[in-house]
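Encoded as structure tokens, the structure appears first; notes follow it.
The values are calculated or read from the model by the stated rules, or taken from the named source; none is laboratory data. Since this is a predicted model, take the numbers as computed values, not measurements. With ideal geometry, Cβ positions are generated from the backbone for all residues, glycine too; neighbour counts draw on all protein chains shown.
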Amino acid sequence: MSYPAISGLLRQPVPQARLDKVQRNFERRKVATGLCGRAFSTPCIHENACLRCSMHWPDPAQRPRLAEIRANLIARIAEAEREGWLGEVEGLKITLAGADDKLTQIDRRTHAQVTLDLGIPRVRSNGQ
């Protein structure tokens, strides 16, 4: 695959193998509920627990799926509490807090798109 737009921005030609590696890296950043924002060629320190990760950027189109995951977490917490699995409860509550945070991020981004009319600027004279 050729990337003339990228190569044109750089001072020196970039080997095609390097461009292919960068492209593969960005393709690996796509996860089921959004994008992973961790640095290039770094491993996932959260063991792919994306909802817990601050580097996960949720996709607004995946909001229904995140809401479903959240509902499932609540049911799993109730089951774990019923069964006395306290360690499981603690971990699930951390993931639930992450799911709530991702849903809040989506809501904040989608509701924040407000157009504000600032009016037309005018030049004031020294007397005003």
Problem - Qualifying position, being β-branched (Val, Ile, Thr) and farther than 12 Å from Leu51 by Cβ, among Ile69, Ile74, Ile94 - result: Ile74
Practice task
Tell me which of these Ile45 doesn't satisfy, since it passes every other one: (1) modelled with pLDDT of 95 or more; (2) under 30 Å from Lys21 (Cα atoms).
Solution key: (1)
Problem - Qualifying position, being hydroxyl-bearing (Ser, Thr, Tyr) and over 25 Å from Lys30 (Cβ atoms), among Thr110, Thr104, Thr115 - result: Thr115
Practice task
Specify the residue that is farthest from the chain's Cα centre (by Cα); the eligible residues are those in region 58-74 that are in a helix (DSSP H, G or I) and not aliphatic (A, V, I, L, M).
Solution key: Asn72
Exercise for the section: Check whether at least one residue in region 75-90 is touching a strand residue (DSSP E or B) at 6+ places or on another chain (Cβ under 7 Å) and in a helix (DSSP H, G or I), and report yes or no. Expected result: no
Practice task
Those residues that are modelled with pLDDT of 95 or more and of a type in the set (Asp, Glu), I need them from region 53-72; list them, please.
Solution key: Glu68
Problem - Cβ-Cβ under 6 Å pairs, at least 6 apart or on other chains, region 49-67 side surrounded by fewer than 16 Cβ atoms within 10 Å (Cβ to Cβ), far side among the aliphatic types (A, V, I, L, M) and outside any strand (DSSP E or B) - result: Pro60/Ile106
Handout entry: Residue tally, condition exposed (fewer than 11 other Cβ atoms within 10 Å of the Cβ) and either modelled with pLDDT of 95 or more or hydrophobic (A, V, I, L, M, F, W, C) (or both), over region 79-98
Key = 4
